[in-house]
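Accompanying notes for the structure given below.
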Amino acid sequence: MDGEFSEASAAISAAGEAMAGRYGKLARAMADRYGQAGTDLSHAAASVDRAEVAGGQVVDGVAQQDLRVAQGIPAPGNPIPSEDLRTTVAMPKQRIKPDDRLSGLDATGTEVRFRPEQVGSRELKDARGNVIGVTYADGDRAELARQWTRAKFRRGDRLLDMEYRVRGRGRWYHADTWDTMWRRPGAKPPLYVHADSDPDTFDVTISKGVGPWRKRSTVQVDGTTFGRILAQDKHFQAAVAETDERSIVLLAGSSAYPGGSAARTAAAYLHGEAGVSADVYAPTARIWLTVDERMSSSELKAELMTDPEDEYGETWLGNPFEQYSAPPATSAP
């Protein structure tokens, strides 16, 4: 009896080993076949930082197709049982590089963290459809900027109308019309950047969430952050090819106000980290964009600061725009 039991046990063991070998080969064959289709998760996990995961997307540093599989959710073109993968795949951890996140303050003064691609911007085109700038304003203000650049006769490329206000009076007076600091006969127009601003910050609109849960909010950012946003904005980059490479004009009121930092630090980032070689011009006080649709023309008006001790406002102080010159090009040794 013992001999028969030993022989039966040996036969069962042999059958088990044969079955294990057969299914082991099948599993390896499936891995070889479907791994070539982009479902080799060990490769995907190693590629997350480069955003080159085959067959899937990378969002916030995580391979989305791999997440679906690891969580037991069927993924297109991936027949490998997900329950087998949960115990064998180490899911990549989210990584945030220093430049991936920007910050600003919302209306309540609370810090908001966001990425450059969450910032809303719209391209500004001229009458021929060339992209010559970008606006970060929203609603009617953005539409006004688009009409202003689209006008057939855009006087702001060449001329600046100065306005001043007499102390104690509500109305504005026309002071003079000057050539703009960025005027260059025969050159392309400057690159225009339009945004709401004050002496120390710029306003941008960011979006968070998707679909019906998508929310938009206005965030104030400092000049350095605004420079980083510009350098990574596809509309800004598109405008570089169609504009005068020597001039960037910030249509952002009071961003160069004496003692403020908004325009100065934005220009410093563009000239430094971003490697931009254009001079940056920014208004020292308020500006107005005006459009005459009937004449298909537009004008740029700027507040001319006056001496507060002058009762009649006839003593003008400084220039309506500040120029931040690009550093001289250095030749390679």
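Name the residues in the stretch 291-305 that are among the polar types (S, T, N, Q) and either free of Cβ contacts under 8 Å to residues at least 24 places away in the same chain or crowded, with 20+ Cβ neighbours inside 10 Å (or both), would you? Selection gives SER298 alone. Within the stretch 132-156, being part of a helix (DSSP H, G or I) and open to solvent by 30 Å² or more (accessible area, probe 1.4 Å) holds for GLY139, ASP140, ARG141, GLU143, LEU144, ARG146, GLN147, ARG150, ARG155.
So that you can scan it fast, the table gives a plain yes or no per residue for (1) over 17 Å from GLY133 (Cα atoms); (2) of a type outside the set (Ser, Thr, Tyr):
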site: THR218; (1), (2): yes, no
site: ASP222; (1), (2): yes, yes
site: ALA238; (1), (2): no, yes
site: GLU245; (1), (2): no, yes
site: VAL249; (1), (2): no, yes
site: VAL276; (1), (2): no, yes
site: ALA282; (1), (2): no, yes
site: ALA329; (1), (2): yes, yes
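Against the conditions (1) touching a residue at least 24 places away in the same chain (Cβ under 8 Å); (2) touching a strand residue (DSSP E or B) at 6+ places or on another chain (Cβ under 6 Å); (3) of a type in the set (D, E, K, R); (4) exposed (fewer than 15 other Cβ atoms within 10 Å of the Cβ), ARG184 satisfies every one except (2). Once the stretch 256-281 is narrowed to residues that are free of Cβ contacts under 8 Å to residues at least 60 places away in the same chain and part of a loop (DSSP other than H, G, I, E, B), the residue that is nearest to LEU159 (Cα to Cα) is TYR257.
Of the residues examined, VAL280 is not one that is touching a Phe, Trp or Tyr at 6+ places or on another chain (Cβ under 8 Å), within 18 Å of ALA137 (Cβ to Cβ) and either of a type in the set (D, E, K, R) or surrounded by 17 or more Cβ atoms within 10 Å (Cβ to Cβ) (or both).
The values are calculated or read from the model by the stated rules, or taken from the named source; none is laboratory data. This structure is a prediction, so every number in the text was calculated from the model and none was measured. Glycine gets a Cβ as well: all are built from the backbone with ideal geometry, and neighbour counts include every protein chain shown. In case anyone asks, the SASA skips ligands and DNA or RNA and just uses the protein heavy atoms, side chains included. Shrake-Rupley method; radii C 1.70, N 1.55, O 1.52, S 1.80 Å.
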